[in-house]
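First up is the structure itself, then whatever we jot down about it.
The values are calculated or read from the model by the stated rules, or taken from the named source; none is laboratory data. Given the structure is predicted, the values throughout are model-derived calculations rather than measurements. Heads up, the Cβs are rebuilt from the backbone with ideal geometry, glycines too, and the neighbour counts pull from every protein chain shown. Areas reflect the complete protein model, heavy atoms only, side chains present, ligands, DNA and RNA absent. Shrake-Rupley method; radii C 1.70, N 1.55, O 1.52, S 1.80 Å.
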Amino acid sequence: MAMPLRQSIRLGTYLMKQKALKRDKFPLLVELEPLFACNLKCSGCGKIAQPASLLKQRMPVEQAVGAIEESGAPMVSIAGGEPLMHPQIDEIVRQLLAKGKIVFLCTNALLMPKHIHKFKPHRNFAWMVHIDGLEDRHDESVNKKGGFQGAVDAIKLAQKAGFKVMTNTTFFNTDTAHDVIGVLDYLNDVVKVDNMQISPGYAYERAPDQEHWLGVDETRELFRKAFADGRRKKWRLNHSPLFLDFLEGKRDFACTAWGIPSYSLLGWQKPCYLLDDGYAKTYKELIDETDWDAFGRGKDPRCANCMAHCGYEPTAVIATLGSLKESVRAAVGG
């Protein structure tokens, strides 16, 4: 199945505006990181490897909201670190919603029961819960026994309270097609989350685990097998059909990392949240002073095995909405 209708309409309207303004680079979504601190030590993430002084910092509300306003992006994914450790995260969310943004709050969900009362259901708000496989696999990934059950319990709590809940799952070379099918079937049919996002693991340089990243051929084989027999059409995946085609090797795209920029306590990260080539103070500086043509598979050696959402979903979305055939296919869940 395709992206939620409201999200698709919002993106379509936004892209038409960018075309009318003759802009060739613009953000579809900003990855906002108002802190780096976290309550877990996930093997595939290196955010908590930042210096202790930085881990203590929390981005002021005005700075967080101001960065999103400056960029003009219609959607925001609030990550970290663990956003629920930010004492004013609810106010950041409220102000972004008041400005008409679609907001996804990314979390490992373990702190949700303690903080959920600070939030209210909203048509433009969804919890994005990190689920890296079924129980044993997830607990191993986040290095915490009971992490999976805690996340599932929190999802059910949020659903009962009337919130939209989505999940985000990263796959590694230790995962099989059976693993992919198992967790997506469980989230789709048993937990019944609203939508799911998936991503092949990328060799994030600060991550503790540097051995289990997927290569391009491995990624294509994994998703080709997992998507076989029409399975991807029944799953409520929050991706364009073209991006799913890309994952299984039916299509190839150039990287458009400028479509999902990352803003953190350090500034606008160049060129994306997976590479660390310095930081820009403003969004305009990020766009104007980054050599975007230098990145992507076949250009920068660090990008050789990257098929990540942040680089290639924007390309797929723009290609979808630039084609009547693909727009119809996306609308009907092709």
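Of everything listed in (1) touching a Phe, Trp or Tyr at 6+ places or on another chain (Cβ under 8 Å); (2) under 19 Å from residue 168 (Cβ atoms); (3) open to solvent by 20 Å² or more (accessible area, probe 1.4 Å), the single unmet condition for residue 127 is (3). Do the conditions hold for residue 313, that is, is it open to solvent by 10 Å² or more (accessible area, probe 1.4 Å) and either in a helix (DSSP H, G or I) or not charged (D, E, K, R) (or both)? No.
Scanning the range 96-112 for residues that are part of a loop (DSSP other than H, G, I, E, B), more than 25 Å from residue 13 (Cα to Cα) and either open to solvent by 20 Å² or more (accessible area, probe 1.4 Å) or out of contact with any strand residue (DSSP E or B) (no Cβ under 6 Å at 6 or more places or on another chain) (or both) gives 110, 111. All conditions in (1) closer than 24 Å to residue 158 by Cβ; (2) surrounded by fewer than 21 Cβ atoms within 10 Å (Cβ to Cβ); (3) in contact (Cβ under 8 Å) with a residue 60 or more places away in the chain hold for residue 70, with the sole exception of (1).
If residue 324 satisfies all but one of (1) touching a residue at least 24 places away in the same chain (Cβ under 8 Å); (2) open to solvent by 20 Å² or more (accessible area, probe 1.4 Å), what's the number of the condition it fails? Of (1) touching a residue at least 24 places away in the same chain (Cβ under 8 Å); (2) open to solvent by 20 Å² or more (accessible area, probe 1.4 Å), only one is false for residue 324: (1). Filtering the range 1-56 to residues that are within 15 Å of residue 320 (Cα to Cα), under 19 Å from the mean Cα position of the chain (by Cα), open to solvent by less than 60 Å² (accessible area, probe 1.4 Å) and hydrophobic (A, V, I, L, M, F, W, C) leaves 2, 3, 11, 28. Contact map, the range 9-21: first residue hydroxyl-bearing (Ser, Thr, Tyr), second residue outside any loop (DSSP other than H, G, I, E, B), Cβ cut-off under 9 Å, separation 6 or more or different chains; pairs are 14/75.
Filtering the range 280-306 to residues that are modelled with pLDDT under 90 and under 24 Å from residue 73 (Cα atoms) leaves 296, 306. Is it the case that some residue within the range 244-253 is touching a Leu at 6+ places or on another chain (Cβ under 6 Å), buried (at least 17 other Cβ atoms within 10 Å of the Cβ), outside any helix (DSSP H, G or I) and of a type in the set (Phe, Trp, Tyr)? Within the range 244-253 (the criterion being touching a Leu at 6+ places or on another chain (Cβ under 6 Å), buried (at least 17 other Cβ atoms within 10 Å of the Cβ), outside any helix (DSSP H, G or I) and of a type in the set (Phe, Trp, Tyr)), the answer is no, since none of the residues qualifies. Of the residues in the range 33-54, at least one is at pLDDT 95 or above, in a loop (DSSP other than H, G, I, E, B) and among the hydrophobic types (A, V, I, L, M, F, W, C).
Here's the yes/no breakdown for (1) open to solvent by 10 Å² or more (accessible area, probe 1.4 Å); (2) outside any loop (DSSP other than H, G, I, E, B); (3) over 22 Å from residue 232 (Cα atoms):
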{"position": "138", "(1), (2), (3)": "no, yes, no"}
{"position": "141", "(1), (2), (3)": "no, yes, yes"}
{"position": "144", "(1), (2), (3)": "yes, no, yes"}
{"position": "151", "(1), (2), (3)": "no, yes, yes"}
{"position": "159", "(1), (2), (3)": "yes, yes, yes"}
{"position": "162", "(1), (2), (3)": "yes, no, yes"}
{"position": "168", "(1), (2), (3)": "yes, yes, no"}
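For the range 280-310, the set of residues classified as open to solvent by less than 60 Å² (accessible area, probe 1.4 Å) and in contact (Cβ under 8 Å) with a residue 60 or more places away in the chain consists of 282, 283, 287, 292, 297, 304, 306, 307, 308, 309, 310, listed by residue number.
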